[in-house]
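Below is the structure I would like to discuss, written out as structure tokens.
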Amino acid sequence: MAAPPPIPPPLWNTIPLEAQAALLALVASLEQRIADLEAENADLRRRLAQVEHQLQRIRQRGKRPSHRRDEPHSPRTDRRRQEHRQHPGCFRPQPPPGTVFIEHDVYPKQCPHCGAIDLEPTGQYEDHVLADLPEPKIEWHRYRRYVSRCRCCQRTCQGRGDLELPGAHIGPRARLLTCYSRAHLGISLGKTRDLLHDFFGLTISRPGLLGHLRWGGQLFAPVVDELLELLRRSPVVQGDETGWRIDGHPAWAWCFRDPRLAMFLIDRHRSRDVLIRVLGESFAGTLVSDFYAAYNGLDCAKQRCLVHLLRELARLREELPWQSVRAFIRPLIELFQDAIQLGKDREELDRAAFSEAYRRLIERFDDLMLRTHSQHPDCVRIWKRLYRHCDELFTFLDDPAVPADNNGTERDIRSLAAARSDGGTHRADWSAAAFARLKSVIVTAMKNRVRFIRYGIDVVRAKLRGERLPLPLAATPDTS
């Protein structure tokens with residue numbers, strides 16, 4: 001039986017039993033009604049938060065300038081960064097002077113208008129220049145090495161031809177194509193075997209192609225070591241990692257890059273030791289990364305990726321109660337969006353205006369961290385993260401060379417997903433190391449507009465001559 005309502009016992013005892021039962025039933029129904037109304041109120045608050053979120057998106061879209069009917073050619077505000085505002089058009093280059101054309105004289109056989117075949121030449125013509133690839137075929141090279149005798153010591157000797165790999169039956173161009181297909185295109189060794197056989201008529205087994213990858217990893221090992229030294233001297237380095245496997249066991253593919261270098265490393269560990277091996281014990285530059293704990297072990301200036309943070313905050317905005325969203329999540333999103341926009345507007349503001357905007361931004365952040373008392377576990381987790389890395393959130397506003405995000409590394413490491421899903425991972429540590437070296441050289445060459453096939457041939461020649469290997473850092477674009 002339900003508890004009696006708050007009525008003094010003497011008065012309650014004077015009420016008849018039937019009236020007491022009716023009163024208790026009324027109280028129970030009212031309590032149930034109150035509970036239903038509270039649940040309905042909570043649901044309405046949640047729906048209101050969703051409507052406010054959608055309204056905010058509509059308002060943000062409405063802020064974009066639109067062309068008026070009376071001003072069809074009014075300029076629109078370009079919100080891209082300065083270096084991204086003028087993309088050069090991509091056009092097919094004209095044939096260079098001295099090009100030898102394969103001529104094709106084409107005459108009409110009948111009139112396309114009436115079908116007549118009685119045609120009279122006019123002496124006029126129109127040139128249609130078309131670029132195509134020659135028919136793929138195998139080149140067989142035979143190096144006839146003549147024996148000579150030294151008149152001084154009376155000993156015999158032989159020479160070595162250009163691009164003649166000692167003890168090899170496959171030339172360097174085919175080997176470099178194998179390395180490019182596996183490390184950059186991400187296709188498997190089986191598909192590379194089919195490519196060489198169907199297009200060139202060259203038959204190589206999968207183990208033979210695996211040997212080409214070993215050869216490429218050993219060939220470019222000195223180049224990768226020099227590129228690593230250059231990366232350690234870079235003022236800003238971005239880092240990221242993704243999952244990998246070696247012989248079925250968990251591993252990680254790391255990427256460290258700057259605007260002209262991209263270094264890849266596949267390791268069985270995801271710890272501070274990898275950072276030390278790549279960047280050294282004392283890195284003098286700024287490291288841009290996400291909030292993964294391994295990056296905390298490197299003692300240097302840091303910038304945490306705000307895009308990673310905004311993605312997580314946007315997800316929490318859809319999942320948390322509206323009270324937490326309004327009090328903590330939404331102000332954080334607006335704060336970091338304003339910070340990124342301030343970094344983009346740096347060149348348009350004078351030093352005093354930028355400093356004042358920066359100061360107000362920091363005051364907003366400090367005020368938000370001090371006055372927020374949300375007890376939701378996700379809010380507490382985000383608060384602790386921001387408190388721990390408060391000195392690593394706005395480094396990009398102090399140094400214009402530091403980006404606010406880690407998107408560059410994500411773009412460079414994205415191509416590994418194709419190699420992971422199509423070509424698979426690795427069975428041995430040496431093949432993973434060779435893959436990472438080849439990937440580093442190829443992506444670095446692409447950043448510097450250097451064709452990998454020509455650069456690889458130059459490295460092979462330097463290796464055979466015992467010379468210092470060149471680096472893929474040429475700045476002049478090659479459009480041929």
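Looking only at the range 313-328, which residues are touching a residue at least 24 places away in the same chain (Cβ under 8 Å) and either open to solvent by less than 30 Å² (accessible area, probe 1.4 Å) or not charged (D, E, K, R) (or both)?
313, 316, 320, 321, 322, 323, 324, 325, 327, 328
Given 76, 92, 64, 59, which one is modelled with pLDDT of 65 or more, loosely packed, with under 10 Cβ neighbours inside 10 Å and either in a loop (DSSP other than H, G, I, E, B) or not basic (Lys, Arg) (or both)? Write out each step before concluding.
Working: 76 fails: modelled with pLDDT of 65 or more; 64 fails: modelled with pLDDT of 65 or more; 59 fails: either in a loop (DSSP other than H, G, I, E, B) or not basic (Lys, Arg) (or both).
Matching residue, one of 76, 92, 64, 59: 92.
Here's another thing I want to ask about it. Pick out, from the range 164-224, the helices (runs of 4 or more DSSP H) lying fully within it that include 3 or more residues that are among the small types (Gly, Ala, Ser). Spell out the reasoning first.
Details: elements: 172-180, 189-200, 206-219.
The qualifying helices (runs of 4 or more DSSP H) are 206-219.
I need the helices (runs of 4 or more DSSP H) fully contained in the range 386-480, keeping only those with at least 1 residues that are at pLDDT 90 or above and among the basic types (Lys, Arg). Spell out the reasoning first.
Values: elements: 395-398, 407-418, 429-447, 452-465.
Helices (runs of 4 or more DSSP H) meeting the threshold: 429-447, 452-465.
Considering only residues of the range 384-416 that are open to solvent by less than 40 Å² (accessible area, probe 1.4 Å) and small (Gly, Ala, Ser), which is nearest to residue 286 (Cα to Cα)?
My answer is 404.
State all residues of the range 361-392 that are out of contact with any Lys or Arg (no Cβ under 6 Å at 6 or more places or on another chain) and under 30 Å from residue 231 (Cβ atoms); if no residue qualifies, say none. Walk me through it before giving the result.
Of the range 361-392, the ones out of contact with any Lys or Arg (no Cβ under 6 Å at 6 or more places or on another chain) are 361-388, 390-391.
Answer for the range 361-392, where residues must be out of contact with any Lys or Arg (no Cβ under 6 Å at 6 or more places or on another chain) and under 30 Å from residue 231 (Cβ atoms): 385, 386, 388, 390, 391.
Here is a list: 139, 120. Which entry is closer than 30 Å to residue 161 by Cβ and of a type outside the set (A, V, I, L, M, F, W, C)?
Numbers: 120 fails: closer than 30 Å to residue 161 by Cβ.
Matching residue, one of 139, 120: 139.
Just name the residue that is surrounded by the most Cβ atoms within 10 Å (Cβ to Cβ) out of those in the range 140-175 that are of a type in the set (D, E, K, R) and closer than 22 Å to residue 462 by Cα.
Taking the range 140-175 and keeping what is of a type in the set (D, E, K, R), we get 142, 144-145, 149, 151, 155, 160, 162, 164, 173, 175.
Keeping just the survivors that are closer than 22 Å to residue 462 by Cα gives 142, 144-145, 160, 162, 164, 173, 175.
Details: 142: 5, 144: 5, 145: 11, 160: 12, 162: 11, 164: 15, 173: 14, 175: 23.
Ranking the candidates gives 175 first.
Which condition number does residue 191 fail, the rest of (1) of a type in the set (D, E, K, R); (2) over 27 Å from residue 450 (Cα atoms); (3) surrounded by 11 or more Cβ atoms within 10 Å (Cβ to Cβ) being met?
The number of the failed condition is (2).
May I ask you to list the residues in the range 434-462 that are within 17 Å of residue 178 (Cβ to Cβ), surrounded by fewer than 19 Cβ atoms within 10 Å (Cβ to Cβ) and out of contact with any Asp or Glu (no Cβ under 6 Å at 6 or more places or on another chain)?
Of everything in the range 434-462, those that are within 17 Å of residue 178 (Cβ to Cβ), surrounded by fewer than 19 Cβ atoms within 10 Å (Cβ to Cβ) and out of contact with any Asp or Glu (no Cβ under 6 Å at 6 or more places or on another chain) turn out to be 453, 454, 457.
The values are calculated or read from the model by the stated rules, or taken from the named source; none is laboratory data. Computed from a predicted structure; not experimentally measured. In this analysis, Cβ positions are derived from the backbone assuming ideal geometry, glycine residues included, and neighbour counts consider all displayed protein chains. Note: areas computed on protein heavy atoms with side chains; ligands, DNA, RNA excluded. Shrake-Rupley method; radii C 1.70, N 1.55, O 1.52, S 1.80 Å.
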